[in-house]
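J.: Take a look at the following structure, please.
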Amino acid sequence: MRLHSTLTTLGLIISLGSPAWAANVGAPFYGDAPDDHHPWAIHDHNRPQPKLITPGTFSTPEQPGQPPSDAIVLFNGTDLSKWEADEGTSVPTKWVIKNGAMECVPGSGYIRTKEKFGDCQLHVEWAAPTKAEGESQGRGNSGVFLMGQIEVQVLDNYNNPTYADGFAGSVYGVNPPLANALRPPGQFQTYDIVFRRPIYKDGQVVDAGSVTVFLNGVLVQDHTTLEGPTGHRTRSKPGPLGDVGPLKLQDHGNPVRYRNIWYRPLPPRVSEGGTDGCLSPEATQAKRQEIAAMIRQDAEKLKNPANPVPEMLRLAESLTYEQNDAAGQRAHDLLTQYLSDAKSLPTEKLNAKKDEIKHLRDVCKYLVHFKIMPADTDEEAQLNQMIKEHNWDKK
Ligand code: MG
């Protein structure tokens, strides 16, 4: 049985008084209908299921964890094939791999990914040298540069004060971390970063972008608004960063180590054409049209003269997303024929359709409630009359 007909059948079963848990599978004509800002109904069974992935495992200071199954791994401890020096194209880096980590060779320059990417969930682990040398910004300094331009500071601040907006976990020069949650130097620390680049349209900011950072599982940047490329001693200036850029790691003269680096691209936001969320009326309408067309196509496959109900219900469902004369007429004609056929059935056979007829009445009620179908139609009156005549609401 096809999925949609399974769901249509489930919808029928659920509306007939199944236990509450069953409603969780979703059913048509169940939650509030789509509106001017939401293309999907509440609890919409047509809404795509979330992608199934296998989660990773958490790291410990001793052992890197496993990335989630859909992560793009940039460094797994064995090779630097996805990295290059931050100078020209394809210049090999002088950073080295030691014991499953890449290590900055002081004076060799930044390292960057060959791949360029934008909005992401990024995981990075780093460790400052075990022997704490230097102070303030001179101790275990490096940096994670998002799109090569926004620095999330890497610094050994374990018993090492410095200016607050230059602490480990700061957006450098912009915002201090909410806490200093560092482990001692030499131990691996984790950054889990959610990065949203700025979005500009016609020179105007639509979304300034943000960065959220967890340091060793502790929230240190809470959706911090971006203020443009970060810099030393100079105030950042908001502006577009482009759509993609390489991830860069800083050479600040200290042999900081990195391991277990991966990212997951993020879906587009509503402000750049994403369709999950509260949309503009225009975007909502476009998405509703797309969904309705998909459901009408589906209804086409359900055509069955011996059982017109699945097609009728699917067409009725399509009308909750978009009014369409042909679909409305076809659903109406199928219902008219259904009622006419039902009336000519002997009592026993008609009784067998009791639940189906009550469901059709409930669907009509739903459509009337959400102003998809006019109130007091002849068909709804006939369904009500039939149910009343046989006392089906009370049995
Ligand atoms: Mg730095």
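J.: Straight-line reach from residue 248: which lysines fall under 28 Å, measuring Cα to Cα and dropping same-chain residues less than 8 apart?
T.: 82, 94, 98, 114, 116, 131, 201, 237
J.: Determine, from the Cβ-Cβ distance of residue 89 and residue 179 and an R0 of 45 Å, the FRET efficiency 1/(1 + (r/R0)^6), rounded to the nearest 0.05. Mind showing how you got there, number by number?
T.: Details: r = 40 Å, r/R0 = 0.89.
Once the sixth-power term is evaluated, E becomes 0.65.
J.: Continuing with the same structure: Which order do the peptides 167-180, 308-321 take when ranked by the mean count of other beta-carbon atoms within 10 Å per residue, highest first?
T.: Working: 167-180: 21.4, 308-321: 23.6.
With the highest mean Cβ count within 10 Å placed first, the list reads 308-321, 167-180.
J.: Give me the net charge for the shell around residue 236: Cβ to Cβ below 13 angstrom, other residues only, Lys and Arg +1, Asp and Glu -1.
T.: Values: positive: 233, 235, 237; negative: 151, 165, 227.
Computed value for this residue: 0.
J.: For the ranges 54-65, 74-85, what's the packing order if you count other beta-carbon atoms within 10 Å of each residue, average per peptide, and put the highest first?
T.: Numbers: 54-65: 13.2, 74-85: 16.2.
Ranked from most to least packed, the peptides come out as 74-85, 54-65.
J.: Right, here's the next one. Tell me, what is the FRET efficiency for residue 389 and residue 43 to the nearest 0.05, using R0 = 22 angstrom and their Cβ-Cβ distance as r?
T.: 0.10
J.: Share of Cα-Cα pairs in the chain beyond 29 Å, in percent?
T.: Summing the P(r) tail past 29 Å for the chain gives 57 percent.
J.: For the range 47-166, what is the relative contact order in percent, using Cα pairs closer than 8 Å and at least 6 residues apart in sequence?
T.: The value is 13 percent.
J.: Can you give the FRET efficiency to the nearest 0.05 for residue 332 and residue 297, using r as the Cβ-Cβ distance and R₀ = 25 Å? Intermediate results must be reported in sequence, preceding the final value.
T.: Values: r = 19 Å, r/R0 = 0.78.
The formula returns an efficiency of 0.80 here.
J.: Under 14 Å from a point 7 Å along the Cα-to-Cβ line of residue 345: which residues of the range 305-323 have their amide N that close?
T.: 306-310
J.: Compute the helix-to-body angle for 3-15: its Cα long axis versus the longest principal axis of the chain, expressed 0 to 90° and rounded to tens.
T.: With rounding to tens, the tilt is 70 degrees.
J.: Additional query: Nearest 10 degrees, 0 to 90: what angle lies between the long axis of helix 281-301 and the longest principal axis of the chain (Cα atoms)?
T.: 50
J.: Let me see the pair-distance distribution of the range 72-272: every alpha carbon pair, 5 Å bin width, integer percents in order.
T.: 1, 8, 17, 21, 21, 17, 10, 4, 1, 0, 0
J.: Turning to a different aspect of this structure: Rounded to the nearest 500, what is the 222 nm mean residue ellipticity of the chain from helices alone, with -39500 (n - 2.57) per DSSP H run of 4+ residues and division by all residues?
T.: -8000 deg cm²/dmol
J.: What are the lysines whose alpha-carbon lies under 18 Å from the alpha-carbon of residue 343, with same-chain residues fewer than 8 places away excluded?
T.: Leaving aside lysines fewer than 8 places away in the same chain, those within reach of residue 343 are 353, 354, 358, 388.
J.: Can you tell me the relative contact order of the chain? Whole percent, Cα pairs under 8 Å, sequence separation 6 or more.
T.: 17
J.: OK, next. Note down the relative contact order for the range 72-272 as a percent, whole number, built from C-alpha pairs under 8 angstrom at least six residues apart. If you can, show how the numbers build up before the last one.
T.: On the way: 540 pairs, mean separation 62.6, N = 201.
Over the range 72-272, the number comes to 31 percent.
J.: Using a 7 Å offset from the Cα along the Cα-to-Cβ direction at both residue 82 and residue 116, what is the distance between the two label points in nm, to one decimal?
T.: About 1.8 nm separates the two model spin labels.
J.: What is the spread of the Cα atoms of the range 45-131 along each of their three principal axes, largest first, in whole Å?
T.: 57, 34, 18
No lab work stands behind these numbers, since they all come straight from the coordinates. Keep in mind the model is a prediction, meaning the values are calculated, not measured. Reconstructed Cβ throughout: ideal geometry from the backbone, glycine too, with neighbour counts over all protein chains shown.
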